[in-house]
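Structure, as structure tokens:
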Amino acid sequence: MDKIKVIELFAGVGGFRVGLERASDIFDTVWSNQFEPSTKKQHASEMYVKNFGETGHANQDINEVEVKDIPDHELLVGGFPCQDYSVACSSNNAKGIVGKKGVLWWEIMRILEEKKDKAPKYLLLENVDRLLKSPSTQRGRDFAIILSSLNNLGYAVEWRVTNGAEYGMPQRRKRVFIFASMKGTKPYNLLAQNEASDVINTVGLFAKAFPIHTVHQENIIEGKFGDDLVEVTENFNSLKPKQNAFLDAGCMIDGKYFTSKVKANYDGPFSVLGDFLEPEANIPPEFYIDAEALKKWTYMKGSKSFPRVSKTGHEYTYSEGSMGFPDLLTKPSRTIITGEGGPGASRFKHVIDIDGKHRRLVPIELERLTMFPDNHTEGVSDTKRAFLMGNALMVGVVTTFAEVFLSEI
């Protein structure tokens, strides 16, 4: 098989690239883009260059990149940011339909449209699972716009919300992965030639990569939308705006979609937090929590309630339940967050107990739990390394899917 040329958008520190290359050296990333508009220091881009080199990497606002400068490719990947109101609207000029400025989904569409007959055959995208329910006032509208946009360009789509820990990976991290295939490809024909229930259950690429318990036909929701993005924006799910139109798994072809809840059916080995720890001799002293500071951590992790006043002056009681503390070494880690670093007590940071000593996780442990190589983010502060892992995807999900993808194209 010839090399598969890949471009990686919104690349972060290169999670898609690591995952693809771990699956096979047939994946050849010919161009990548990473730019953080809110900061002067481009830490993620620096880490990308440190690990993969400068060739073909653009640390430039994607809005300013000309499509002619992006190499032709077969596979486009990216964890595009989830911004509310991915709205399409009518344009007063010859461009017709446009998306809200700054919503980066439309930059993906711009590349697909301007590449024309050289557009990539395949897309593999990642996002937070709430994308399927966005916005809360018209649930599913944003995802319907994405599906309709891809349908208009001749793609069929599969999607799946995955939690890596349910398939033997070391972190509980739910994300939606979206795979699009162009008309005429084998994956497209697979959707065209099979019943939706079979695609979701057994023959789809996600079904093969991440097996599920059988979903029965009566539990599959069906729907359709037109090719007018403005109409989709204004009217999709308008009759039942609080009801979820899209569930954890699904597929779409020719404007018709099928979706259902799913439950993982995995019988392989499982990973636990304790399997990925550094020897205690390698842990810097500042990661340990002394007895006085531990009281603050215990409070933050515990249940509590107290009065609050809203911006409108409404008084109410805020309550939150207790969290498991310290984190169990015999289970996968919780989701790593961007605020994982730093010594300050936090409700959501990980704390482990090793022989009676409490400590935070060090950066190399966070990398392992997200399935990156050791020291992938070495070269910036520990707090920033934690932030970069909180922003990253589960590399193992990409690798597992990529292995199935190669067998199906």
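The values are calculated or read from the model by the stated rules, or taken from the named source; none is laboratory data. Owing to the predicted nature of the structure, the values given are computational and were not obtained by experimental measurement. Note that each Cβ is placed from the backbone with ideal geometry, even for glycine, and that neighbours are counted across all protein chains shown.
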Discussion item. For the structure I just gave you, tell me whether Thr335 is in contact (Cβ under 8 Å) with a residue 60 or more places away in the chain and either not in a loop (DSSP other than H, G, I, E, B) or not small (Gly, Ala, Ser) (or both).
Written reply: yes
Worksheet item: Is there a residue in region 156-173 that is more than 23 Å from the chain's Cα centre (by Cα) and surrounded by fewer than 21 Cβ atoms within 10 Å (Cβ to Cβ)?
Response: no
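Here's the yes/no breakdown for (1) in contact with a Leu (Cβ under 9 Å, 6 or more places away or on another chain); (2) surrounded by 12 or more Cβ atoms within 10 Å (Cβ to Cβ); (3) not in a helix (DSSP H, G or I):
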position	(1), (2), (3)
Thr259	yes, yes, yes
Val262	yes, yes, yes
Pro269	no, no, yes
Gly274	yes, yes, no
Ala281	no, no, no
Lys296	no, yes, no
Met300	no, yes, no
Arg308	no, no, yes
Worksheet item: Quick one: is Leu273 modelled with pLDDT of 95 or more and of a type in the set (A, V, I, L, M)?
Response: yes
Worksheet item: When you scan region 372-396, how many residues do you find that are under 16 Å from Thr338 (Cα atoms), surrounded by fewer than 22 Cβ atoms within 10 Å (Cβ to Cβ) and either polar (S, T, N, Q) or at pLDDT below 95 (or both)?
Response: 3
Worksheet entry | Residue in region 188-202 that is in contact with a Ser or Thr (Cβ under 7 Å, 6 or more places away or on another chain), touching a residue at least 40 places away in the same chain (Cβ under 8 Å) and surrounded by fewer than 22 Cβ atoms within 10 Å (Cβ to Cβ) present | yes
Fill in: Single residue of region 316-344 satisfying the filter (in contact with a Leu (Cβ under 9 Å, 6 or more places away or on another chain) and surrounded by fewer than 18 Cβ atoms within 10 Å (Cβ to Cβ)) that is nearest to Glu286 (Cα to Cα)
Thr338
Worksheet entry | Condition met for Gly313 (surrounded by fewer than 16 Cβ atoms within 10 Å (Cβ to Cβ), without any contact (Cβ under 8 Å) to a residue 60 or more places away in the chain and within 24 Å of Pro170 (Cα to Cα)) | no
Worksheet entry | Glu292 charged (D, E, K, R) and modelled with pLDDT of 95 or more | yes
Fill in: Lone qualifier among Glu222, Glu231 - being farther than 30 Å from Ile336 by Cα, among the acidic types (Asp, Glu) and without any contact (Cβ under 8 Å) to a residue 24 or more places away in the chain
Glu231
Response to the item:
By my count, strands (runs of 3 or more DSSP E) wholly in region 49-117 with at least 2 residues that are at pLDDT 95 or above are 75-78
Discussion item. Exactly one of these conditions fails for Gly302: (1) without any contact (Cβ under 8 Å) to a residue 60 or more places away in the chain; (2) in contact with a helix residue (DSSP H, G or I) (Cβ under 7 Å, 6 or more places away or on another chain); (3) not basic (Lys, Arg). Give me its number.
Written reply: (2)
Item to complete: Give me a count of the residues in region 134-158 that are out of contact with any Pro (no Cβ under 8 Å at 6 or more places or on another chain), modelled with pLDDT under 95 and farther than 18 Å from Leu104 by Cα.
Response: 1
Practice prompt. Could you check region 361-409 for helices (runs of 4 or more DSSP H) lying wholly inside it with 1 or more residues that are more than 30 Å from Ala207 (Cβ to Cβ), in contact with a strand residue (DSSP E or B) (Cβ under 9 Å, 6 or more places away or on another chain) and not basic (Lys, Arg)?
Written response: 363-369, 382-390
Response to the item:
With criteria (1) crowded, with 16+ Cβ neighbours inside 10 Å; (2) closer than 22 Å to Leu124 by Cα, Pro363 comes up short on (2)
Fill in: strands (runs of 3 or more DSSP E) wholly inside region 130-239 that include at least 2 residues being within 18 Å of Glu403 (Cα to Cα) and in contact with a Gly (Cβ under 9 Å, 6 or more places away or on another chain)
155-163
Discussion item. Lys40 - would you say it is of a type outside the set (A, V, I, L, M) and at pLDDT below 95?
Written reply: yes
Practice prompt. Out of Lys256, Lys263, Lys240, report the one residue that is more than 25 Å from the chain's Cα centre (by Cα) and assigned by TED's automatic domain parsing to the domain that holds Gln171.
Written response: Lys240
